[in-house]
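Remarks on the structure that follows.
The values are calculated or read from the model by the stated rules, or taken from the named source; none is laboratory data. Remember, it's a predicted structure, so these values are computed and weren't measured experimentally. All Cβ positions, glycine included, derive from the backbone under ideal geometry; neighbour counts span all protein chains shown. The protein model used for the area step is the full one, side chains on, heavy atoms only, and it has no ligands, DNA or RNA in it. Shrake-Rupley method; radii C 1.70, N 1.55, O 1.52, S 1.80 Å.
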Amino acid sequence: MQAIIMAGGFGTRLRPITCNTPKPMAPVANKPMLEHIVNLLKQHKINDLTMLLYYQPDVIKDYFKDGKKFDVKTAYLRPESDLGTAGSVKFSQDKIKDTFIVISGDVLTDFDLTAAIEFHKRKKAIATMVLTRVANPLQFGVVITDQHGKIERFLEKPSWGEVFSDTINTGIYILDPKVFNYMPKDKSFDFSKDLFPLLLKEKKPLYGYIAEGYWRDIGNHDEYRFAHYDILDGNVAIESGGKKIKIGGKDIIVGENVEIGKAVDIDSNVILGDNVKIKNGAKISRSVIGSNVTIGEGAEVVGAIVWDNVSIGANARLKENVIGRRTSIGDRSAVQVGTIISDDCIIKSDAIVKPNLRIWPHKVIETGAILSSSLVWGEKWNKALFNATGITGLGNVEITPEFAAKIGSAYGAYIGKGAYIITSRDTHYATRMIKRAFVTGLLSAGVKVGDLGTSPVPVTRYEVGNEGEAGGVHIRQSPLDGLMIDIKFFNANGRDISLNQEKAIEQLFFREDFKRANMDEVGEITVPSRAVEYYKTGYLNTINKELLRNAKHQIVIDYSYSSASVIFPSILGELSIDVVALNAHTKTTGLIKTTEEFNNSLSQLSHIVTTLKSTAGFLIDNGAEKVFLIDEKGSIINNDAAMFIAAYLAMKANKTKDAVIAVPVYASSTIEKIAAKFKVKVKRTGTSPRSIIDASINEKVIFVGDSSGGFIFPEFQNTFDAMYAIGKIVEMLIQAKTSLSQIKKDLPKFSVLHKSVPCSWDKKGQVMRKAIEHTSGKKHELIDGVKLYFKEDWVLLIPDPDGAVFHIWAETKNPANAPKLLETYAAKIKKWQE
């Protein structure tokens, strides 16, 4: 049988250890990880191999040659351009004669491929995806099969709300040659994004085989170390080579010509390569040591992966590290937990290398030095780079100037030399520091920067694209936690960048060797002097100026010290709206309110509205994206009701045919009843800001709300804008000749209950899979999470993207039944974790 091995990986996230080595050739238990794949294929009588190469192809060819040494036949192909996963396999069509298997050369697995192939043939499938179950499915494609193994649904690299199973695509495929008929020639074409959706659409026999056994995607440094620990613990069946010997009553695996001194302490979880010399009194524990390595007297090596030709000095200390080829660790030096040292480095005697650093090839650490930052770049980022709001981290702890400069360089490398980017920030001192560092990174990549300085988020979004900008960045103190800083990225249309764009920037960030501009090509900083004028002109051209000017209403606005207080008063002045302004100046600290402070601000605003007999009160958040409402009677309107009121006003004012409003999947079903009266359709969105904002792109959408103070009126711009929302709500109230309290009174009563249930990260995928299984035979939706319908009642289950919890929403026709429904599914989520 034939196999195609995908062996073109750069190993971006394994750098710097893959700077000189293609990822499939990185050693695992002292053999290239690609050799383990070849051995697995050979074990299952798959001997005719074609390797698809791209990065450093000669390294792989020189090692495997024609394959005779490994009892296989090996051929090599290298597409001239990036054809995608399926497109690259199409490139090898001339070599394929019958059913064949596609497998990645940079995973570690002991799957029973024979059983998978038999399943494929028994089902007469055109394609079979080999599947497995994992604790965290976010980085993979998740898959649902029916009871016969036929694939019903899959999604590539989902968010937590989209995770509908813990069963994932391993990237191993068994294919019938007929599948080539569905692949275009010499064009970029992907298995998960293109081929499999096409096969599903055409109802071709696409199956999934859930394999038993071990599988790990070695995608980063931690996974690389953990794969070795699994080998040492006997969790994966591979050929590690060497022979077993006893040292101090413990079995270890050693190569040829190993020399072990006196009083050496070695535990049973150790692999030693050829020609290893361990001197007296050394201690080796849970480690893999390459060939031609010398470990000095009294040295201690714990949980380390040491490549070939390394020298470790006397009394040196290594703990949970990866050490590249030909590196020298001096006497009494210490390399602390999690640090990765690449090839040909010299760590001189008595040096201390701090935890979680990255040291690139050919670096020298002088005698007695204490290294606390990486060479070439800064600290490790210990979590997923992007979350629902962009990049978020502790100010000056995780989001430091060094980090900001690095992420600015990565973003600049992604956007490209000569591109133009808008930057802005809120009024906090810390965000000014971080923005300046971020801008230096952009300039180093040759990007031109238009710096708005302090600016409300809607103004920044509105400016992006007006003068050929490729994107924008806003840096702010997080509205959710005053100790955190958010870095928000906008695309060329001012909306949040896509998941694919996030992943591309993240890849460049972790690669750490992005291209810099030449001296004469470094970017410049300009000031977009007309940004506020553009925004003001667009606002006034969209709003009904004459109606507002003639009505002469009074409103009260709490600006919350935001930069909107610098811009919005002049717009309101043009509209002749009488405004009583509170906190209408900017501050450099204390921008974020606690829950108690926020409630006190609403109470104060309520009191002023009633005292002055104003039309309404509005509290703007510091970024000027969200707005919170007080009616003319001083009642604080909760966020759900505020969204319904704004939606009602938008539908009542609408004069277009086939209009649509969009609300999150957790909003009350009452909105459909209200919309039906106006012959307006309701579109349900996911819960992330990106999903909600993207719903506004449809030209028929007249309003989008998010149940947390965010309102989008696409007639002006496709994003949250508190300033425009205020003007539009006042305009629509005047048109409708009504008040906020009257609308609130006239709308149907509704109640959606919410509860959070603890759920560990490693159980989220399992819970989602069991929730999907629970939907069998029940009416349900999978817009975001799992939503189940029971006649007029419903319950929604969504895993939190940033915390170890599940969210449950429930609504029932009889409100008294909602708590019971909520508790029923809270209990199920707890049970599904078992």
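Quick notes on this structure:
- For the stretch 723-748, filtered to residues that are over 18 Å from ALA675 (Cα atoms) and basic (Lys, Arg), the residue that is least open to solvent (accessible area, probe 1.4 Å) is LYS728.
- VAL473, sole failed condition from (1) within 17 Å of PRO689 (Cα to Cα); (2) open to solvent by less than 10 Å² (accessible area, probe 1.4 Å); (3) in a helix (DSSP H, G or I): (3)
- Lone qualifier among ARG325, ARG332 - being out of contact with any helix residue (DSSP H, G or I) (no Cβ under 8 Å at 6 or more places or on another chain), under 22 Å from ARG286 (Cβ atoms), open to solvent by 50 Å² or more (accessible area, probe 1.4 Å) and not β-branched (Val, Ile, Thr): ARG325
- When the stretch 411-451 is filtered for residues that are in a helix (DSSP H, G or I), in contact (Cβ under 8 Å) with a residue 60 or more places away in the chain and within 16 Å of PHE489 (Cα to Cα), the ones remaining, listed by number, are TYR411, GLY412, ALA413, TYR414, VAL439, LEU442.
- Flag for PHE678 being of a type outside the set (Asp, Glu) and open to solvent by 40 Å² or more (accessible area, probe 1.4 Å): yes
- Residue-level check: of (1) free of Cβ contacts under 8 Å to residues at least 40 places away in the same chain; (2) crowded, with 18+ Cβ neighbours inside 10 Å, TRP307 misses just (1).
- Scope the stretch 148-167; condition closer than 23 Å to TRP832 by Cβ and modelled with pLDDT of 85 or more; matching residues: GLY149, ILE151
- Residue match in the stretch 181-202 (condition: out of contact with any strand residue (DSSP E or B) (no Cβ under 9 Å at 6 or more places or on another chain), of a type in the set (Asp, Glu), at positive phi and in a loop (DSSP other than H, G, I, E, B)): yes
- Candidates LYS657, LYS683, LYS673, LYS652 - the one that is open to solvent by 60 Å² or more (accessible area, probe 1.4 Å), outside any helix (DSSP H, G or I) and either modelled with pLDDT of 95 or more or within 29 Å of PRO815 (Cβ to Cβ) (or both): LYS683
- Yes/no for LYS633 being out of contact with any Leu (no Cβ under 9 Å at 6 or more places or on another chain) and either surrounded by fewer than 18 Cβ atoms within 10 Å (Cβ to Cβ) or not in a helix (DSSP H, G or I) (or both): no
- Matching option when the condition is part of a strand (DSSP E or B), open to solvent by 40 Å² or more (accessible area, probe 1.4 Å), at pLDDT 90 or above and under 30 Å from HIS780 (Cβ atoms), among TYR173, TYR209: TYR209
- Residues of the stretch 2-21 satisfying the condition of being within 26 Å of HIS362 (Cβ to Cβ) and either aromatic (Phe, Trp, Tyr) or over 25 Å from the mean Cα position of the chain (by Cα) (or both): PHE10, ASN20, THR21
- Any hit, the stretch 82-102, residues being open to solvent by less than 10 Å² (accessible area, probe 1.4 Å), in contact with a Lys or Arg (Cβ under 8 Å, 6 or more places away or on another chain) and either at pLDDT 95 or above or part of a helix (DSSP H, G or I) (or both): yes
- Pair list, Cβ under 8 Å, 6 or more apart: the stretch 795-809 residue of a type in the set (Asp, Glu), other residue part of a strand (DSSP E or B): ASP800/SER756; ASP800/PHE806; ASP800/HIS807; ASP802/ASN387
- Test set (1) within 22 Å of GLU398 (Cα to Cα); (2) aliphatic (A, V, I, L, M); (3) open to solvent by 10 Å² or more (accessible area, probe 1.4 Å) - ILE415 fails condition number: (1)
- Within this structure, THR114 fails the test of being of a type in the set (Val, Ile, Thr), in contact (Cβ under 8 Å) with a residue 60 or more places away in the chain, in a helix (DSSP H, G or I) and touching a Phe, Trp or Tyr at 6+ places or on another chain (Cβ under 7 Å).
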